[in-house]
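The values are calculated or read from the model by the stated rules, or taken from the named source; none is laboratory data. Please read all numbers here as calculations on a predicted model, not as lab measurements. For neighbour counting, all protein chains shown are included, and Cβ atoms are generated from backbone atoms with ideal geometry for every residue, glycine included.
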Amino acid sequence: MTTERRQADGRVGLPLWIYLPASVGCLLVVLPLVAMGAKVDWGSFVQLVTSESAVAALKLSLRTAVASTVLCVILGVPMAIVFARSNVRGLSVVRSLILLPLVLPPVVGGIALLYTFGRQGLLGEHLEMMGIRIAFSTTAVVLAQTFVALPFLVVSLEGALRTAGQRYEAVAATLGARPTTVLRRVTLPLVLPGLVSGAVLAFARALGEFGATLTFAGSLEGVTRTLPLEIYLQRESDPDAAVALSLVLVVVAIVIVVAVRRRSSGAL
């Protein structure tokens, strides 16, 4: 009997060989996390993660990640809908540019933001004349996180929109529903799980952002020093604190992703 024959529940069995690369892939991700957990100094764990700088960095990371996720939803949902539903000429070029942060090194993104919103930047020079400073501020952290996280939401939601198709929207339109009504009552509810998944990916990416934030916002305690930056600084001076804070970041990310994924699955 082969493992590829149809099972009793109607599903097709998997070939045995596929479990080998799958197991190696799982180990590649899980084993480093286990190794990090084994290095934690549990005797002083609470003291390490509740220091003033650590708490300030965690609070800032959560605040800015939430803010950037909201921005990603506000800007990314319309973008994904346009990419999935519009036939405007040249849209594929725009889409390619929007998705560039997925492959660009974050430091490059930080430099691009700096030359846009910095004191001598394309827009920053004019904003500076009006007394508005963005670079090396908390706002810069949010912009850096949004820059790198936005494509994750766009890709996730665009894929959901293309998979869902347009048949239900077409039916609603033939019944006299206006485009805005179709979007609000049909399209968005239909792809809500994809939107939730995209928002989770964007939040997780924003929470772990390092390179663009350091380049564009700097590392000012309580202002721009997020938890990844605090971990990087502690790595040289206090390795035990760096490992403990890394574990905190992993746990926070896991809790949020699992909680939202369960809620998303329940909605299905």
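Points worth noting:
- Residues within segment 107-155 that are of a type in the set (D, E, K, R) and outside any loop (DSSP other than H, G, I, E, B), tallied: 2
- Segment 219-247: number of residues that are over 12 Å from Gly208 (Cα atoms) and under 18 Å from the mean Cα position of the chain (by Cα): 0
- For segment 163-200, taking the residues that are without any contact (Cβ under 8 Å) to a residue 24 or more places away in the chain and surrounded by 17 or more Cβ atoms within 10 Å (Cβ to Cβ), the one that is farthest from Gln145 (Cα to Cα) is identified as Ala172.
- Of the residues examined, Gly159 is not one that is more than 30 Å from Ser219 (Cβ to Cβ) and not in a helix (DSSP H, G or I).
- Residue within segment 172-193 that is under 17 Å from Thr69 (Cβ atoms) and modelled with pLDDT under 90 present: yes
- Considered as a group, the residues in segment 201-233 that are aliphatic (A, V, I, L, M) and not in a helix (DSSP H, G or I) include one that is surrounded by the most Cβ atoms within 10 Å (Cβ to Cβ), and that residue is Val223.
- Residue that is surrounded by 16 or more Cβ atoms within 10 Å (Cβ to Cβ), out of contact with any Cys (no Cβ under 9 Å at 6 or more places or on another chain) and among the basic types (Lys, Arg), where the choices are Arg95, Arg119: Arg95
- Total residues in segment 201-227, condition farther than 19 Å from Val248 by Cβ and aliphatic (A, V, I, L, M): 7
- Any hit, segment 20-28, residues being within 29 Å of Ala144 (Cα to Cα) and at pLDDT 90 or above: yes
- Residue within segment 137-150 that is farther than 25 Å from Glu221 by Cβ and touching a residue at least 60 places away in the same chain (Cβ under 8 Å) present: yes
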